[in-house]
Amino acid sequence: MMWFFAILIVLAMGGIAMVAAGRGAPMAPAYDDRPDATVPRDGVVGADDLRRVRFSLALRGYRMSEVDALLSRLAREMEDRELRDAPEGDEGPTAPASPAR
């Protein structure tokens, strides 16, 4: 009798595993409830845009991909501004000349 219940439990677990793996009735499609970032996609990001931005929370905090994408975009924009605002012929900081002895 005990073998019968053991086989019955194994068959029930196998059925649950098949349904979970996608066999049988499919599960409903995932619903993305994350809010969109309020940063404009085109143009330059302004200070007000950064103050309004809100990242959605994930299980362990913010979604790292959203934070990384925003930070890389800001870094690119800052580099572009620095290159655009740099005077012509300026190659950046140079080492000070050593005094002659």
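Within segment 47-56, being in a loop (DSSP other than H, G, I, E, B) and either within 16 Å of Ala75 (Cβ to Cβ) or in contact (Cβ under 8 Å) with a residue 40 or more places away in the chain (or both) holds for one residue alone: Val53. Restricting attention to segment 15-47, the residues that are of a type in the set (Asp, Glu) and at pLDDT 75 or above add up to 1.
The values are calculated or read from the model by the stated rules, or taken from the named source; none is laboratory data. Values in this document were obtained by computation on a predicted structure and should not be read as measured data. With ideal geometry, Cβ positions are generated from the backbone for all residues, glycine too; neighbour counts draw on all protein chains shown.
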